[in-house]
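Visitor: Below: one structure in structure tokens.
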């Protein structure tokens, strides 16, 4: 983004930058570092955007990048289908577009705040580097949303950009907007589950905004999706390596209870999976939503891979099957498709999540073990939507409240589970060294060896 062409906008963002850096210093990564081997975006092209080097994190290039503009781009759905994409915000959609940008923007610093202390117990320098890569890119994604607020929403946008730094994850008085971003990240297994499940939700939300008729938002989200892929890689391979190590220890000691041998049992990994998956499903909102219908009809927010859908992209007469609880049973009924767009997106997400679980199970199968990980039923442990207020087991049985709570410790991490996992979270800062609960990766970052010195720590971090 060439800010030199808009001096007023440049001055506004220059005024916001010191506040961002203050936030980064106070609520960003806690572990003192000299520099980190980071991938830095320097251009939108395939070759230019992925530059690797050791960089002090406070000097990371918080650039604003939009995918290249297509001057012929047309709106692909809703009542404005076929019209030229908007380069400015239409007055009739100003409030709705600003709200979408605010909510997306609020998630970016929230996850950095949630992961602030994890550097203190990193299982390796390799993993520490991946954590910091995720953090700096979330910070850059915040910049991307702040740019849109400043550039297109005037005084209101500037005010909301300030608020993005005043809300804090888990704060009693000023929490983050979405519930999943106020949860504590207690350990690295939860971090891996977060980057697999919750960042994957981010992928799908960005995918819907990439279709937006508001072209600057669409182009911003298209570029963000390139970086989001690494976050999910961290989650996918982090859980994979945890499972691989668990399988090794189970086979070596002929027991599933491997805590005493320095590993995390598959049963506890399953509980963490259940918790993060259910919290992430709530991020999609209610299965039926008039707001989702309005966003689509107005052209503000499309469907995942809208261009590949084989329909009229209006959906006025279409229906979609929605699941709900009726008389103690889960039933399916057709509803107007426009009102079920949250569920359409969630169903795409769940299908994607299953791929990683299959990959994790392959490690168990390769070790000759019978244990398997599974996604719980979509109704399990839900607080938003049709399943809220109902008590559904991971297998999809509708239970009484008393029965559900009696068995909840078998399904979700207990305080004891988290304490025993936390006891394994001992830092390993020597290159090539890994904690005993996780297997090393097969390859390093950017063709570097696994034992590469990815992070240089300050002396006080090693004290």
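Visitor: Which percentage, to the nearest 5, of the DSSP beta bridges contained in the chain is antiparallel?
Guide: 90
Visitor: Restricting to bridges with both residues inside the range 291-400, how much of the DSSP beta-bridge set is antiparallel, in percent to the nearest 5?
Guide: The antiparallel fraction comes to roughly 90 percent.
Visitor: Within the range 342-357, whose backbone N sits under 15 Å from a point 7 Å along Cα→Cβ of residue 311?
Guide: Only 342-348 pass the distance filter.
Visitor: Under the 0.36 nm per residue contour assumption, what length would be gained going from the current alpha-carbon distance of residue 294 and residue 402 to full extension?
Guide: Between residue 294 and residue 402, full extension yields 35.0 nm more.
Visitor: To the nearest 0.05, what FRET efficiency results for residue 174 and residue 254 with a Förster distance of 35 Å applied to their C-beta separation?
Guide: About 0.10, to the nearest 0.05.
Visitor: Ok, one more. Give, in nm to one decimal, the length gained when the segment between residue 318 and residue 355 is fully stretched (0.36 nm per residue of separation minus the Cα-Cα distance).
Guide: Full extension of this stretch gives 10.4 nm more.
Visitor: Is the shape of the range 148-221 rounded, prolate or oblate, going by the alpha carbon gyration tensor and its root eigenvalues a ≥ b ≥ c, with a/c under 1.5 for rounded and a/b larger than b/c for prolate?
Guide: Verdict is oblate for the range 148-221.
Visitor: Sticking with this structure for a sec: Just to be sure I understand the model, the point goes 7 Å from the Cα along the line to the Cβ. What's the resulting residue 42 to residue 458 distance in nm?
Guide: 2.7
Visitor: Run lengths n ≥ 4 of DSSP H only: what is the helix-derived mean residue ellipticity at 222 nm for the chain, with -39500 (n - 2.57) per run over all residues, to the nearest 500?
Guide: -15500 deg cm²/dmol
Visitor: Further, regarding this structure: When 1/r is averaged over all different Cα pairs and the result inverted, which Kirkwood radius in Å belongs to the range 319-463?
Guide: With all distinct Cα pairs of the range 319-463 included, I get 19.7 Å.
Visitor: How high is the relative contact order of the range 376-463, in percent, with contacts defined as C-alpha pairs under 8 Å that are six or more residues apart?
Guide: 14
Visitor: So what is the relative contact order of the range 282-423, in percent, for Cα pairs below 8 Å that sit 6 or more residues apart?
Guide: Over the range 282-423, the number comes to 23 percent.
Visitor: Given the C-alpha centroids of the range 343-391 and the range 294-312, what is the distance between them in whole angstrom?
Guide: 26
Visitor: Report which label in [x] 22.6, 67; [y] 22.5, 72; [z] 29.0, 131 holds the value of Rg and Dmax of the Cα atoms in Å derived from the coordinates of this structure.
Guide: Evaluating Rg and Dmax of the Cα atoms in Å on these atoms matches [x].
Visitor: Take the alpha-carbon centre of the range 201-239, take the same for the range 422-454, and report the distance between them in whole Å.
Guide: With the range 201-239 and the range 422-454 each reduced to a Cα centre, they are spaced 27 Å.
Visitor: Pairs of Cα atoms under 8 Å, at least six residues apart: use those to get the relative contact order of the range 3-462, whole percent.
Guide: 21
Visitor: What is the Rg over Rh value, at two decimals, for the range 397-463, using alpha-carbon atoms and the Kirkwood definition of Rh?
Guide: The Rg/Rh ratio comes out at 1.24.
Visitor: Fewest first, what order do 429, 196, 387 take by the number of other Cβ atoms within 10 Å?
Guide: Result, fewest neighbours first: 429, 387, 196.
All of the numbers you see were taken from the coordinates with simple rules; none came from a lab. Remember, it's a predicted structure, so these values are computed and weren't measured experimentally. Using ideal geometry, Cβ is built from the backbone for each residue, glycine included, and neighbour counts are taken over all protein chains shown.
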